[in-house]
1. Once the dipole of the chain is set up with Lys and Arg at +1 and Asp and Glu at -1 on Cβ about the Cα centre, which of 294, 87, 194 lies farthest towards its positive end?
2. Name the aspartates and glutamates eligible as straight-distance cross-link partners of residue 262: C-alpha to C-alpha under 13 Å, and not fewer than 8 places from it in the same chain.
3. If R0 is 51 Å, what FRET efficiency do you get for residue 88 and residue 371 from their C-beta distance, rounded to 0.05?
4. Once the piece of chain linking residue 229 and residue 181 is laid out straight, how much longer is it, given 0.36 nm per residue of separation minus the C-alpha distance between them?
5. Rounded to the nearest percent, how much of the accessible area of the chain (1.4 Å probe, protein heavy atoms only) is carbon and sulfur?
6. Loop only per DSSP, at most 14 neighbouring Cβ atoms within 10 Å: give me the chymotrypsin sites (Phe, Trp or Tyr not before Pro) in the stretch 139-177, ordered by residue number.
7. Show that you can apply the helix-only estimate: for the chain, add -39,500 (n - 2.57) for every DSSP H stretch of four or more residues, divide by all residues, and state [θ] at 222 nm to the nearest 500.
8. Would you list 44, 346 from the most to the least accessible area, probe 1.4 Å?
Amino acid sequence: MPEIKRFDAILIGKNIRKARKNKGISISVLSSLCKISVGKLSNLENGKTETVSTEDLEKIAFSLSTSIDDIIIPETFKFPSELEPVIDELQMVSTYISMNLLDLARENLHKITKELMDNQLDYLRPCINFLAGEIEKLSFNHDKAIEYFKSVIDQNYDYIYGIGYKIRSINALSCLYYSRFEVAEALDTCLEAVDLINHEGVSFSEIADTHYNLAIFYTYAGYLSVALLHAKSASEITATNHYSNYNNQVNYLTGIILMQRKEYIKAFNFIKESSTYFQREKDLKYLYRCIYSLYLIIDHVPFTEKKLIKSLEHGITTEFLENPIHNDQIHIQLTMIHEIIENLILSSDFEQALILLNKCLEYKKLIPSDRIHFKTHHLLSIISKKNNENTNLIKQHLHESLKYLSDENSKDRAMILYELATLLNQCTSPYEESSRIFYELSKKESFYKRPFSVIIPEPKY
């Protein structure tokens, strides 16, 4: 006879007593209906039983015209059965949001809200306002999104459905602050979820997201030891619940934190492990991050380990040259290939760099106005210079590069304009000399480096 070994005896007792009283029968009548002794039922109702069989629970539930779920699940975990169709409709709204069909999502959410009775609306309000916040966030109406998320966060809920959406709203709001580079606000907001995730019934993903986000925010704030503790918590949760992709993202983040702590060998091992997974799964965004992160620590790892980077580069470039890229992945893959090309240029492997750049040019037809092509032509101009090629060819690449840059890309434009000026021997005045100094400083700081935001992953909700 199977037993439920881990259960809340007091909870089960209260639920049995409540169901019995709702049915209007005594414990002796229940005993005769389910063929279980009064003593055993009394112990169950008073939470004094250490084990209980599923067969006994089925008998009790049947006799009380209820279900086992109603006996073993806390009241706060349940939602009214009449709301199940509405919750399915809200899930469809969430699907529309994930597909970026925001007008359709907004229209359906308004329709659902309008048809609900007041008591139903009160129960579902956390979900409705959370979804409304998501729609406004993705529509770049940040002030409205903040208002909706805060309307969920500012309420206290005594049922798990509401608590779950409060946690999600906290993480969503912290993500929004983070996207606006307001890291202190993101951290302060996310900390509000710490106590909430200890509630029984909170989903593993909500707990993992909170720890993961705190690890990111604390990393930015420079509290690396605390960040590492939250990353460890997220790792344990995602590993235990077999969230393979998520777990490898956490391992990658752990590697970044260790890299910031200058624990390079440990960092390398974490990033190495996750990079193997992302390469196998063809997760280009994270694979790019792994490649770039490994470039940053390559001088701090044993020579034998450097083969891993070459192996990754070879796998990525082979895939790039032999197979077409899906349209939604062109930008990230070209960005990653540009990173590899820069590394090839630094090691004077111009032949392989040119092969990859010529392949990059083929994608101009698919995304003709994308800024990414500025980099392709700029790298071609660098190789042309290194190979002492015709000045007109170098100039052509630089002019072509400028076509993809607007006034918003002032730094990149200034660098290329300066390179054109030096090519045409127009740098002779004090103004040009000051330009040269700014150019060298800019190149030293960021031409072969990226901001921290490139390697740090995005928070989740």
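The values are calculated or read from the model by the stated rules, or taken from the named source; none is laboratory data. Just so you know, these numbers come straight off a predicted model, no measurement behind them. Positions of Cβ are backbone-derived with ideal geometry, glycine not excepted, and every protein chain shown enters the neighbour counts. Surface accessibility is based on the protein's heavy atoms, side chains included, excluding ligands, DNA and RNA. Shrake-Rupley method; radii C 1.70, N 1.55, O 1.52, S 1.80 Å.
1. 294
2. Once the sequence-local aspartates and glutamates are set aside, what remains near residue 262 is 299.
3. Details: r = 42 Å, r/R0 = 0.82.
E between residue 88 and residue 371, to the nearest 0.05, is 0.75.
4. Values: separation 48, 0.36 × 48 = 17.28 nm, distance 2.31 nm.
Result for the pair: 15.0 nm of gain on full extension.
5. On the way: 12560 of 24250 Å².
Summing carbon and sulfur atoms, their accessible area is 52 percent of the total for the chain.
6. Numbers: sites: 140, 148, 149, 157, 159, 161, 165, 177; in loops: 140, 157, 159.
Taking the stretch 139-177 and a limit of 14 other Cβ atoms within 10 Å, the loop chymotrypsin sites (Phe, Trp or Tyr not before Pro) found are 140.
7. Numbers: 25 runs with 329 residues, N = 461.
About -22500 deg cm²/dmol.
8. Numbers: 44 10, 346 110 Å².
Final ranking, largest accessible area leading: 346, 44.
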